[in-house]
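Let me begin by presenting the structure, written as structure tokens, before commenting on it.
The values are calculated or read from the model by the stated rules, or taken from the named source; none is laboratory data. None of these values were measured; they are calculated from a predicted model. Heads up, the Cβs are rebuilt from the backbone with ideal geometry, glycines too, and the neighbour counts pull from every protein chain shown.
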There are 2 protein chains.
Amino acid sequence: MERVAIIGLGLIGGSIGLAIKRANIEGVQVVGTARTRETLQKAKKLGAIDVDAPTPADAVRDARLVIIASPIMATQPIMQEIGPALLPGAVVTDVGSTKSNAARWAKDLLPESVSFVGGHPMAGKEQAGIAAADPDLFKGKAWVIAPSVSATEGAVNTVVGLAQLTGASPLFMDPDEHDSYVAAISHLPLLLSSALFSVAQGSAAWPELARLASSGFRDTTRLASGSPEMAHDIVLTNRDNVIHWLDRFIDELRRFRGIVAGGASEEVIEAFTKAQLERDNFLVNGPPQRDVGEPIPKISLGDMILGSAVSGYMKKQQEVLKAAEARAEGKRR
Amino acid sequence: MERVAIIGLGLIGGSIGLAIKRANIEGVQVVGTARTRETLQKAKKLGAIDVDAPTPADAVRDARLVIIASPIMATQPIMQEIGPALLPGAVVTDVGSTKSNAARWAKDLLPESVSFVGGHPMAGKEQAGIAAADPDLFKGKAWVIAPSVSATEGAVNTVVGLAQLTGASPLFMDPDEHDSYVAAISHLPLLLSSALFSVAQGSAAWPELARLASSGFRDTTRLASGSPEMAHDIVLTNRDNVIHWLDRFIDELRRFRGIVAGGASEEVIEAFTKAQLERDNFLVNGPPQRDVGEPIPKISLGDMILGSAVSGYMKKQQEVLKAAEARAEGKRR
């Protein structure tokens, strides 16, 4: 039996577990661990994992693929803990909403004998926890893959296979590039959502406002109901990008304010029409096409994991041996 | 046969027509008119109206209740047109997203022999037009009722009965009060939604951002896909309130920016936690309870319309006669 380990069994970790289990790959077992015994038992009962492990270090022992699905800030201590327990040639990935920090922590804390390939499935719900887990959560969504420089091709393909198995579309990105993009498309909306709810709820007229709130207010503030811990971790690990986009957004609001205050009919209608047409175009036609290179071929997670049990291990071991020899050679001189 | 007239058969007018027709009130007929023949035919085919009329003036002839469901800016010319054609004792209401202007136009343009009772059902979709009409659109939603000072009790009850017939909860408000509240809870979210979409789409990185956009971005920008004409009319008839709330929101964003830039963990988590808890509290427990006075009793629209055919007319006629006598008396002195 080859093992896939999931560390953290919340919405994302639990959904990944359900998706892998549903794929029913012969010879592959899912081992999971969570912060509380309660979550771990629930995950087993829901069929998100085959085997439960008491700690991250226990979970990763013998695992070919390790998925860290913890809050961002917990990723660092988890990497520290699992480092010595990892199999040589193991593939380590994560699912955090920011990628630069994860890449840095992996470089500092994981042994050279493993490959780190950062990941970020662009899916979520405002409900957190294993109870909200859903094997279809990632279907049709983007799954950013940000490999470390030293990751093997096999390791990258393993994470591509994982993303594809859940129905997501893998999308390669540099960690810094990723963080600047998500600040705009994901973290800014989160901040607006919370700020909008705060400003309405903080008003003396809130009892009246609340009675008038309809689906528009609800949808625009939906993200404010997400996990504050996640928001906290995002904001602190992506601070400069978040501030950059907040400033751009405040400028945009000032532009709208100017148009409203000016009261010129044509300008007002133009501002709203442009947003409407462009959004409808986006909904119908999807993202603008750019040269995105070769399409990513379909990769089987099962083949990767079962194959890597031999080839990946051998290859990585050879590299490690070669590097050790080179260092020894260097010292001798 | 007593008539209810609907002027404008878009999403709101069409949905009201469907709701009245579904109630199947004996002795009451729905007559409708629309800007295009195409809409009018579709409304008849969908069963939103019984009878089609070529113009607003034709539609209101013999109508006990007139519902203006046009874009806000069209309300003024419509009132001008229908004024001379209205039945003495008729009840006129509207459904516009701003209420002060409607009240002023009604005072200037409608004859003294009719009662104007402004209305605003707090429901909508980003799709416009009769094709999106739904008799359940208003179910469980608030329906603001802003009677003019001179409206009869019977007229107010007629509009209450209309709101209740659709499954909405009537909510009495002064027009100015209404406009200041909806600026916060409805117009501000609309502006944010459009500004957020604009700032992302206007960025050089839009092709990449668009590929990463997920349900959070979609929901937060949903309102940007609404009718630009509606947004235009709202912003221009509620300018001062909209600017007031835009300024408050920019201040709130600056507060969030300060917290993010400060980087103190506790402050960041506190800001997000407060918004999350308060929103969850709102979703579970509804608006904070305030002394809202007597509950509004259930009123039958059918009884009101059929009853008003006699009593409302008589009463209003007596008032008009009395006023005319008083004026004549004044002149004689």
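Tabulated data for the structure shown
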item: The lone exception for B:Lys44 - which of (1) modelled with pLDDT of 95 or more; (2) under 26 Å from B:Asp179 (Cα atoms); (3) not β-branched (Val, Ile, Thr) it fails; result: (2)
item: Number of positions in segment B:16-37 that are within 20 Å of B:Pro71 (Cβ to Cβ) and charged (D, E, K, R); result: 2
item: Single unsatisfied condition, A:Ala183 versus (1) of a type outside the set (D, E, K, R); (2) touching a His at 6+ places or on another chain (Cβ under 9 Å); (3) more than 7 Å from chain B (Cβ to nearest Cβ); (4) farther than 22 Å from B:Asp251 by Cα; result: (4)
item: Only one of A:Glu153, A:Glu126 that is closer than 16 Å to A:Ile234 by Cβ, more than 14 Å from the chain's Cα centre (by Cα) and at pLDDT below 95; result: A:Glu126
item: Matching residues in segment A:233-242 - criterion: being at the interface with chain B (Cβ under 7 Å from one of its Cβ atoms), modelled with pLDDT of 95 or more and either over 21 Å from the mean Cα position of the chain (by Cα) or surrounded by 20 or more Cβ atoms within 10 Å (Cβ to Cβ) (or both); result: A:Val242
item: Pick from segment B:243-252, criterion without any contact (Cβ under 8 Å) to a residue 24 or more places away in the chain and touching a Lys or Arg at 6+ places or on another chain (Cβ under 9 Å), ranking: surrounded by the fewest Cβ atoms within 10 Å (Cβ to Cβ); result: B:Asp247
item: Breaking point among (1) in contact with a Leu (Cβ under 7 Å, 6 or more places away or on another chain); (2) closer than 21 Å to A:Asp233 by Cβ; (3) of a type in the set (S, T, N, Q), for A:Ser198; result: (1)
item: Test: residue in segment A:133-141 that is free of Cβ contacts under 8 Å to residues at least 24 places away in the same chain, out of contact with any Lys or Arg (no Cβ under 6 Å at 6 or more places or on another chain) and aromatic (Phe, Trp, Tyr); result: no
item: Positions within segment A:220-232 being of a type in the set (Gly, Ala, Ser) and either surrounded by fewer than 22 Cβ atoms within 10 Å (Cβ to Cβ) or in the same structural domain as A:Ala102 (by TED's automatic domain parsing) (or both), in sequence order; result: A:Ser227
item: Qualifying residue in segment B:141-150 (condition: farther than 23 Å from B:Ala63 by Cα and either at pLDDT below 95 or within 8 Å of chain A (Cβ to nearest Cβ) (or both)); result: yes
item: So B:Ala128, is it touching a residue at least 40 places away in the same chain (Cβ under 8 Å), outside the structural domain of B:Lys42 (by TED's automatic domain parsing) and hydrophobic (A, V, I, L, M, F, W, C); result: no
item: Candidate set from segment B:255-270 (those that are at pLDDT 90 or above and facing another protein chain (nearest Cβ under 7 Å)); member that is nearest to B:Ala183 (Cα to Cα); result: B:Phe256
item: Scope segment A:253-298; condition buried (at least 16 other Cβ atoms within 10 Å of the Cβ), farther than 19 Å from B:Asp240 by Cα and over 28 Å from the mean Cα position of the chain (by Cα); matching residues; result: A:Thr273, A:Lys274, A:Ala275, A:Gln276
item: Subset of segment B:198-208 that is surrounded by fewer than 24 Cβ atoms within 10 Å (Cβ to Cβ) and facing chain A (nearest Cβ under 7 Å) - its residue that is nearest to B:Val95 (Cα to Cα); result: B:Ser198
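Here's the yes/no breakdown for (1) of a type outside the set (Lys, Arg); (2) free of Cβ contacts under 8 Å to residues at least 60 places away in the same chain; (3) in contact with a strand residue (DSSP E or B) (Cβ under 9 Å, 6 or more places away or on another chain):
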{"site": "A:Gly154", "(1), (2), (3)": "yes, no, yes"}
{"site": "A:His178", "(1), (2), (3)": "yes, no, yes"}
{"site": "A:Leu196", "(1), (2), (3)": "yes, yes, no"}
{"site": "A:Ala210", "(1), (2), (3)": "yes, yes, no"}
{"site": "A:Arg218", "(1), (2), (3)": "no, yes, no"}
{"site": "A:Asp240", "(1), (2), (3)": "yes, yes, no"}
